[in-house]
Amino acid sequence: MTAPVRRAGVFAALCTLSLAVPLFGPQAGAAVAGVVLLGAYLVPEGSLFDLLAYPGDYEDARLYGLITFVLAGVALGLIATAASMSVAVFVGTILLVGYGNLGEQLVRLRTDNDVVRVAGFCLAGSLAAVAGLAGTRALAGDPVAAALPVVVFLAASGAVLGALLRDMLLRSDDPIVVLSVGLLLWLLAELGPSIGRLEIVVALAVTVALGYASYALETASIAGMLTGVLLVLLTIVLGGYGWVAVLVSFFAIGGLSTKFRYDRKTELGVAEDNNGARGSGNVLGNAAVALVAVLGYAASDAGLLPHEPGLFLFAFAGSIATAMSDTLSSEIGSVFDRPRLITTLEPVEPGTDGGVTWQGELAGLTGATVVAAITAGVFPEIDLVGGAIVVVAGVVGMTVDSLLGATLEGPLLGNQSVNFLATLSGALASAALVLVVPLLG
């Protein structure tokens with residue numbers, strides 16, 4: 001057994017001590033954390049130090065990895081004590097990260113395949129989180145069977161987020177993973193999604209299939225795949241299959257558009273890196289606003305926000321229409337040699353930020369129309385006028401993207417920030433038009 005596996009095993013065992021909170025109360029949990037912190041501080045060398053130390057711990061002869069991990073757990077425990085976070089979420093989060101890491105390290109003994117490694121983290125973390133969430137409920141005397149679908153949803157969502165952060169960060173950054181996963185599960189638990197056993201099984205199957213397909217077709221990197229998986233899972237459960245149909249239309253058509261005349265784009269120097277596979281930053285830049293809209297819809301539907309849920313539906317559709325318009329405009333328009341800067345209409349080199357072509361603008365309009373058509377097809381409440389609003393919002397967002405590219409991108413903003421602001425503009429335009437159009441009528 002290798003040192004990383006042994007270290008992960010010890011960390012997982014320490015995470016199991018989080019069960020002291022539901023068993024004996026917060027004071028017992030604080031005492032356990034204090035003992036572990038004191039032990040970590042008093043062990044500067046030796047076999048125990050070697051067992052628990054990350055490579056960076058040797059420089060100062062201090063188990064900083066363990067110390068910061070425990071402190072992150074303490075911070076999460078304080079939130080659970082002082083706020084509305086449940087003890088079940090606290091325990092489930094700690095077990096998820098600890099046993100997820102152990103699962104990943106055990107997989108590494110067999111293979112170096114990155115997808116299998118991620119699957120090992122997600123599977124082990126999900127099972128541990130389910131045990132923690134369900135076990136804590138049982139200890140508190142709450143019914144478990146009826147809550148099991150929601151428990152599985154929380155566990156799967158947290159595991160995917162944890163795997164994503166682990167892929168992007170260093171192994172010693174597990175405190176960030178603990179806090180991020182804990183806050184996500186807290187938010188999702190507060191939304192109180194209503195989901196049955198069959199629905200969660202179907203949602204997980206669809207999500208995993210779409211995620212693997214995006215990776216196998218090389219339209220997304222591992223981080224991009226995990227980001228898409230998390231977005232799709234949350235959208236299915238909190239919104240519904242209509243919402244995910246709109247979202248997946250963007251991922252599918254937008255991802256395939258990166259392959260359009262890829263050799264030509266490479267010659268011009270405008271091709272996406274990594275053979276066109278989109279990373280997490282690209283996925284989030286284009287879909288973060290849509291995710292916020294889904295969360296807003298769920299919160300509004302649950303009575304946590306005063307706004308009508310339909311307003312968030314239009315914001316969601318407007319943001320996706322923008323993302324689709326901008327992606328198709330860039331990917332198709334970039335292969336033509338005579339783009340013009342949107343602010344001055346002067347000819348510029350292909351790939352210049354803010355450069356547009358009539359072919360790209362037409363492709364963008366087509367993309368917004370496709371999203372509007374799909375949205376109208378899956379949501380009966382969106383009629384012809386509603387579809388027109390989505391198209392207009394998509395074109396507005398695409399234009400904002402070009403204007404930001406010509407003025408602020410580079411010196412002040414990165415590409416992903418521009419994408420985010422553009423999709424935000426499309427979402428706001430869509431919501432605003434929904435509010436204004438009835439007044440005009």
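The values are calculated or read from the model by the stated rules, or taken from the named source; none is laboratory data. Because the structure is predicted, anything quoted here is derived from the model rather than measured. We place every Cβ from the backbone using ideal geometry, glycine too, and count neighbours over all the protein chains shown. Ligands, DNA and RNA are stripped out before the accessible areas are found, and what is left, the full protein with its side chains, is counted by its heavy atoms. Shrake-Rupley method; radii C 1.70, N 1.55, O 1.52, S 1.80 Å.
Roughly how many debye, to the nearest 20, is the charge dipole of the chain about its Cα centre, given +1 on each Lys and Arg Cβ, -1 on each Asp and Glu Cβ, and no other charges?
Rounded to the nearest 20 debye, it is 860 debye.
Enter the accessible area per residue of the chain (Å², integer; probe 1.4 Å; all protein chains in place).
44 Å²
Please give, to one decimal in nm, the separation of the simple spin-label points placed at Leu51 and Asn113, each 7 Å out from Cα toward the Cβ.
The modelled label-to-label distance comes out at 3.3 nm.
Springs between alpha-carbon pairs under 10 angstrom, Gaussian network model over the chain: which of Asn286, Asn415, Asn113 fluctuates most?
Ranking Asn286, Asn415, Asn113 by mean-square fluctuation puts Asn113 first.
Ignoring ligands and nucleic acids, what accessible area does Arg197 show with a 1.4 Å probe (Å², nearest 10)?
My reading of the accessible area for Arg197 is about 150 Å².
Run lengths n ≥ 4 of DSSP H only: what is the helix-derived mean residue ellipticity at 222 nm for the chain, with -39500 (n - 2.57) per run over all residues, to the nearest 500?
Theoretical 222 nm ellipticity from helices: -25000 deg cm²/dmol.
Please report, as a whole percent, how much of the solvent-accessible surface of the range 1-99 comes from carbon and sulfur atoms (probe radius 1.4 Å).
Of all accessible area on the range 1-99, carbon and sulfur atoms account for 71 percent.
Run the numbers on the chain and let me know its relative contact order in percent, using alpha-carbon pairs under 8 Å that are six or more apart.
11 percent
Say the dipole of the range 117-222 comes from +1 at the beta carbon of Lys and Arg and -1 at that of Asp and Glu; which of Tyr212, Ala163, Ala131 then lies farthest toward its positive end?
The Cα lying farthest towards the positive end belongs to Ala131.
Full-extension gain between Glu381 and Ala31, please, as 0.36 nm times their residue separation minus the C-alpha to C-alpha distance.
Result for the pair: 120.5 nm of gain on full extension.
Which whole-number value in Å³ per residue fits the convex hull of the alpha carbons of the range 181-248?
Spread over its residues, the Cα hull of the range 181-248 gives 84 Å³ apiece.
With angles folded into 0 to 90 degrees, how steeply does helix 415-440 sit against the dominant principal axis of the chain? Use alpha carbons for both and round to 10.
Once rounded, one gets 60 degrees.
What order do Arg62, Arg110 take when sorted by accessible area (1.4 Å probe), most exposed first?
Sorted by accessible area, descending: Arg110, Arg62.
What are the residues whose amide H is under 5 Å from the amide H of Leu305, where those residues sit 5 or more places off or on another chain and H is modelled from the backbone?
Answer set, sorted by chain and number: Ser300.
Tell me which of Pro149, Phe90, Leu106 sits at the most positive position along the dipole axis of the range 40-165, charges placed on C-beta atoms (Lys, Arg +1; Asp, Glu -1).
Final value for the positive-end residue is Pro149.
For Ala252 and Arg338, what is the calculated FRET efficiency with R₀ set at 25 Å and r taken between the beta-carbons, to the nearest 0.05?
My answer for the efficiency is 0.25.
If amide hydrogens are placed 1.01 Å from N in the peptide plane, which non-local residues have theirs closer than 5 Å to the one on Val356?
Arg340, Leu341, Ile342
How large is the Kirkwood hydrodynamic radius of the range 1-131, in angstrom, based on all distinct alpha carbon pairs?
Final number for the Kirkwood radius of the range 1-131 is 15.4 Å.
What's the extension gain from Leu78 to Leu305 if we count 0.36 nm per residue and subtract their Cα-Cα distance?
Here the answer is 79.1 nm.
What net charge is computed for the residues neighbouring Leu148, neighbours being all others with C-beta under 11 Å from the C-beta of Leu148, Lys and Arg scored +1, Asp and Glu -1?
In short, +2.
Classify the range 140-221 as rounded, prolate or oblate from the Cα gyration tensor: take a ≥ b ≥ c as the square roots of its eigenvalues, call it rounded if a/c is under 1.5, otherwise prolate when a/b beats b/c and oblate if not.
It is oblate, given that a/c is not under 1.5 and a/b is not larger than b/c.
Can you list the HN-Hα couplings for the range 72-86, worked out from phi with the Karplus curve (6.51, -1.76, 1.60; θ = phi - 60°), rounded to whole Hz and with x for Gly and Pro?
Residue by residue, the range 72-86 yields 5, x, 5, 4, 5, x, 5, 4, 5, 7, 8, 10, 8, 5, 7 Hz.
Could you please put Ser47, Ser221 in sequence from largest to smallest accessible area, using a 1.4 Å probe?
Ranked from most to least accessible, the order is Ser47, Ser221.
Does the range 39-112 classify as rounded, prolate or oblate by the C-alpha gyration tensor (a ≥ b ≥ c root eigenvalues; a/c under 1.5 gives rounded; else a/b over b/c gives prolate, otherwise oblate)?
Oblate shape, in that a/c is at least 1.5 and b/c is the bigger or equal ratio.
In whole Å, what three semi-axes, largest first, describe the equivalent ellipsoid of the range 358-434 built from its Cα gyration tensor (square root of 5 times each eigenvalue)?
Semi-axes (√(5λ), whole Å): 25, 13, 9.
Residue by residue, what Karplus-based ³J(HN,Hα) values in Hz, rounded to whole numbers, does the range 242-257 have, using 6.51, -1.76 and 1.60 with θ = phi - 60° and x for Gly and Pro?
Computed from phi, the couplings for the range 242-257 are x, 4, 6, 5, 5, 5, 5, 4, 5, 4, 5, 5, x, x, 5, 5 Hz.
Sum up the charges of everything whose Cβ sits under 14 Å from the Cβ of Val434, counting Lys and Arg as +1 and Asp and Glu as -1, but leave Val434 out.
Residues near Val434 contribute -3 overall.
Could you tell me how many degrees, from 0 to 90 and to the nearest 10, lie between the Cα long axis of helix 197-216 and the main elongation axis, the longest principal axis, of the Cα atoms of the chain?
Approximately 70 degrees, to the nearest ten.
According to the Kirkwood expression over distinct Cα-Cα pairs, how big is the hydrodynamic radius of the chain, in Å?
23.3 Å
Which ³J(HN,Hα) values, rounded to whole Hz and listed in residue order, are derived for the range 289-297 from phi using the Karplus coefficients 6.51, -1.76 and 1.60 in 6.51 cos²θ - 1.76 cosθ + 1.60 with θ = phi - 60°, glycine and proline given as x?
Those phi angles translate into 5, 4, 5, 4, 5, 4, 4, x, 4 Hz.
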